[in-house]
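The values are calculated or read from the model by the stated rules, or taken from the named source; none is laboratory data. Keep in mind that this is a model prediction, so the values were computed, not measured. Cβ sites come from the backbone with ideal geometry, for glycine too, and all protein chains shown count toward neighbours.
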Amino acid sequence: MIRVLIVDDEPPARRKVRRFLERDADIAAVSEAGSGQEGLDAIRNFRPDLLLLDVQMPDMDGFAVLEQIPPPRDFHVVFLTAHDHHALRAFEAEALDYLLKPVDPDRFERVMERAKQQLAQRGAGAPPKFVRRVLVEKGGKEFFLPVEQLDWVEADRNYLCLHSGAATYLLRSTLENLARQLDPDQFARISRSELVNLDRIQEMQSWFHGERRVLLKGGKELTWTRKYR
C-alpha cells in the first residue's frame, strides 16, 4: 500500500489529484501541503512513498524543496507543472516522471503504474540505482554527459567542474550530493573538494603523511588525502 503526499499551492489542483488517487485501491493514505515549506515538514512527518510536487509555488519552488532533501531519497517524485520546459530539470532532479497541468486522467494512471512498479522493486530489495548521466552546462548550453566519460570532479564554490578529456563542464550541485548519485565501485571521493573516476587512474604512489599521489591516464595529478582513503 502506498502513501502519497501532494504539494501544490492551488487547492483546486490538489483536490483534482486527490480524486484520482481515491479511485486507486493501492493507495493507503493521502496527505496535502499548500507550500514548499509545508511540504518539507510533511515529508519528514508523513514519510510518503510517492511525492506529487508542484514546480511553481510562491515561497519555494519544487526544485528548491528537493534541494533540501538530497539523494538518495526514500520516496519517488513526480513533478506537477503547467510548462513542459521543466521536464529536463525534473529528470536532472531524479524525478520519476512529470505531469502537465491540467492533469490528464489517462496520463496520471500511466505514471502511477510506473510508480507502483518502482516501489515494488524497492520493496523486493532491488539493488540501488545510480545515475548514468548528468545535466551539464558549457557555453550557455545544457546537455547530458554520460558519467563514464568523467575523469575527475572538483568543487568550485556553488558549482562543480566536471573534467572529461580536454573539456570542462559546470554543474550546479555539491560534491557530496553528486557522490551519493554515483556508483561507489566506479567513483571515489579522494579529498574534500575532489572526486575521481577509478577507471581513469593510471597509477598511484605513496606520499607524505599517508597520502597518495594519483596519476590519471590523461596526465593529471591529484592527491588522495588520508582522510578519504
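Just a few scattered comments:
The rows are residues; the columns are (1) part of a helix (DSSP H, G or I); (2) of a type in the set (Ser, Thr, Tyr); (3) modelled with pLDDT under 85; (4) not assigned by TED's automatic domain parsing to the domain that holds LEU178.
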| residue | (1), (2), (3), (4) |
| --- | --- |
| ARG73 | no, no, no, yes |
| PHE79 | no, no, no, yes |
| HIS86 | yes, no, yes, yes |
| ALA90 | yes, no, yes, yes |
| GLU94 | no, no, yes, yes |
| LEU99 | no, no, no, yes |
| PRO102 | no, no, no, yes |
| ASP106 | yes, no, no, yes |
| ARG110 | yes, no, no, yes |
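- Sole exception among (1) surrounded by fewer than 14 Cβ atoms within 10 Å (Cβ to Cβ); (2) at pLDDT 90 or above; (3) among the charged types (D, E, K, R) for ARG213, by number: (1)
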